[in-house]
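*Asks:* Please see the structure below; I have some questions.
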Ligand code: NAD
């Protein structure tokens, strides 16, 4: 196959695969406002998950390239921090319109590189776009505080100031939304940002950089480098980088939090999840089952807020056959095919891991009620497909319960009481999201009060807050103090300066200087 798509960030290179001459574009970097071809000798092949054909090669940026990206951020910061927030917002207004205008192109790229369906890929862009829209009204949340007359002729005020150069490290599962959780807020606050997108699907981030340029952001306010561990270590260690935003797995997130913090950086780290949905017998059955199926299997389960664990309370377990029937109606196909509900998983390794976890469930005595391991997708026989799968009678000690599966697999447990359900969830180390399905307000209120999870839905299966709020995963799903986007995002990317000023006419009385501690009364 010869790929004809060419854009500002991709250029053609040729190499041999299976003794055929293929031409695929290399992914470029974005340094100082230019799309730059890497001089590296280390390239990562990026495969379309539906076909496993190589579609681009992603460079591992060299040390020189990474240094020049940080230098560009540092230089741009000097003038960017002194632009007014209104100027920065004007760029955001243009940027948000450009994202809307390029929605189709962004979604196409996400489907090709990441695998999710086109309609889901548009959702990926849209949830990021909402952060950009929020940035257009951040003047209100950026206000400081003032107390006048705190002592005679004296006023104190707090000012929010940018930190400097910030860095963002992002995962594969939301190639547009998660970079957009980061750099728009960092920039609106007056920072500059170095982004290292996932090496598995950086294309959407590169299209966003085209739009950044077109929106009129000055050169250097965002730079993009690529790579794996070396680039992550570089970010954790570089003295000019003041803060790191990370979203991804536990292993990487814990490591980056520790290494970055040790180097004196501010770090926020959003990590893995195991989200439980509690189904009460008084819930609205049809709505609940539809929501469960959508939230468990959408994006092939590759969402950190996927509802992966159903806890049926009492007689609600009688609904499981209907849950299976609804799940069977889902269509698995390549993401760009009409009518596809689930696309492939990101890689053959991912598919293997998911299949092994289903097998572990069987081995440990759970019942696999729907097994998607041997699915065949006509025309895409080489894709990383796993069909929707349901494992019932799962117990908390089982591997399929303890590990984040990150695939289209719903684990189900049944318990007798709401208290038992709450205990199970509160004993799970993760705290990203949870939901309860009920028609009883008192039950819902007890649940929201007693549950120790950062984001709670009542009849809402994936309770990801809009950007006027913050994304508030807790416990094992988060390391840091302040969360992503909303008021907390703005707090993460700013530091407080307190100014105390006295304006008084010189009374010309002379006298002796006071040396006792001023008590400001
Ligand atoms: P990942 O940790 O493999 O990759 C994330 C980033 O870290 C990438 O840029 C990658 O290059 C880098 N990286 C990977 N391994 C590393 C290592 N050992 N050391 C240093 N850096 C490393 O994550 P992923 O597979 O791309 O994404 C899926 C994970 O992200 C899931 O666990 C999911 O729950 C989580 N996630 C969490 C949220 C959230 O908000 N809590 C949102 C989306 C995804």
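None of the figures in this text is laboratory data; all of them are computed from the coordinates on show. Please read all numbers here as calculations on a predicted model, not as lab measurements. Heads up, the Cβs are rebuilt from the backbone with ideal geometry, glycines too, and the neighbour counts pull from every protein chain shown.
*Asks:* R0 = 51 Å: FRET efficiency of residue 517 with residue 402, Cβ-based, nearest 0.05? Before the final figure, lay out the partial values.
*Replies:* Working: r = 56 Å, r/R0 = 1.11.
So the FRET efficiency works out to roughly 0.35.
*Asks:* How far apart, in nanometres, would the label points at residue 290 and residue 482 be if each is projected 7 angstrom from Cα along the Cα-to-Cβ direction?
*Replies:* 4.1 nm
*Asks:* Expressed as an acute angle from 0 to 90° and rounded to the nearest 10, what is the orientation of the C-alpha long axis of helix 418-427 relative to the principal long axis of the chain?
*Replies:* 60 degrees
*Asks:* For the chain, give the share of DSSP beta bridges that are antiparallel, in percent and rounded to the nearest 5; count only bridges with both residues there.
*Replies:* 50 percent
*Asks:* Two decimals, Cα atoms only, Kirkwood Rh: what is Rg/Rh over region 28-147?
*Replies:* Taking Rg over the Kirkwood Rh, I get 1.06.
*Asks:* While we're here: What nm distance separates the two modelled labels at residue 34 and residue 230, each placed 7 Å from Cα along Cα→Cβ?
*Replies:* So the two model labels end up 2.1 nm from each other.
*Asks:* Would you mind calculating the gained length between residue 154 and residue 338 on full extension (0.36 nm times residue separation, minus the Cα-Cα distance), in nm to one decimal? Don't skip to the answer; put the middle values down first.
*Replies:* Details: separation 184, 0.36 × 184 = 66.24 nm, distance 6.75 nm.
59.5 nm is the gain from fully extending residue 154 to residue 338.
*Asks:* Helix 203-214 versus the longest principal axis of the chain: what angle, 0 to 90°, nearest 10, using Cα atoms?
*Replies:* 30 degrees
*Asks:* Which of rounded, prolate, oblate describes region 268-364, given a ≥ b ≥ c as roots of the alpha-carbon gyration tensor eigenvalues and a/c under 1.5 marking rounded, otherwise prolate only if a/b is larger than b/c?
*Replies:* prolate
*Asks:* Using label points projected 7 Å from each Cα along Cα→Cβ, tell me how many nm separate residue 499 and residue 349, to one decimal.
*Replies:* Each label point is offset 7 Å from its Cα along the Cβ direction, giving 5.1 nm.
*Asks:* Something else now. With a Förster radius of 22 Å, plug the Cβ-Cβ distance of residue 263 and residue 83 into 1/(1 + (r/R0)^6) and report the FRET value to the nearest 0.05.
*Replies:* 0.15
*Asks:* Sticking with this one: With a 10 Å Cβ neighbour count serving as the proxy for reagent exposure, in which order, fewest first, do 206, 517, 154, 490 appear?
*Replies:* In order of increasing Cβ crowding within 10 Å: 517, 154, 490, 206.
*Asks:* Same structure again: Grab the beta carbon distance between residue 507 and residue 469, set R0 = 60 Å, and tell me the FRET efficiency rounded to 0.05. Please list the in-between numbers first.
*Replies:* On the way: r = 51 Å, r/R0 = 0.85.
Efficiency computed from Cβ-Cβ geometry: 0.70.
*Asks:* Considering only DSSP beta bridges whose two residues both sit in region 299-438, what percent are antiparallel, to the nearest 5?
*Replies:* Numbers: 3 of 12 bridges.
Rounded to the nearest five, the antiparallel share is 25 percent.
*Asks:* Does the chain classify as rounded, prolate or oblate by the C-alpha gyration tensor (a ≥ b ≥ c root eigenvalues; a/c under 1.5 gives rounded; else a/b over b/c gives prolate, otherwise oblate)?
*Replies:* Details: a/c = 2.28, a/b = 1.31, b/c = 1.75.
Oblate, since a/c reaches 1.5 and b/c is not below a/b.
*Asks:* Got a sec? How would 246, 385 order by Cβ neighbour count within 10 Å, fewest to most?
*Replies:* Values: 246 30, 385 26.
Listing 246, 385 from fewest to most nearby Cβ atoms yields 385, 246.
*Asks:* At 0.36 nm per residue, and after removing the present C-alpha to C-alpha distance, how many nm does the segment from residue 119 to residue 460 gain when stretched out fully?
*Replies:* 120.8 nm
*Asks:* Between 0 and 90 degrees, rounded to the nearest ten: what's the tilt of helix 285-297 against the longest Cα principal axis of the chain?
*Replies:* 80 degrees
*Asks:* While we're on this one: Please state, to two decimals, what the Cα-based radius of gyration of region 92-246 comes to when divided by 2.2 N^0.38 Å (N = residues).
*Replies:* Details: Rg = 17.8 Å, N = 155, 2.2 N^0.38 = 15.0 Å.
Rg over 2.2 N^0.38 Å, computed on Cα atoms: 1.19.
*Asks:* Next question. Quickly estimate the mean residue ellipticity at 222 nm for the chain, helices only: each DSSP H run with n ≥ 4 gives -39500 (n - 2.57), and the total goes over all residues, rounded to 500.
*Replies:* -10500 deg cm²/dmol, from helical runs alone.
*Asks:* I need 397, 226, 47 ordered by Cβ neighbour count within 10 Å, fewest first.
*Replies:* Working: 397 8, 226 27, 47 20.
So the residues, fewest neighbours to most, are 397, 47, 226.
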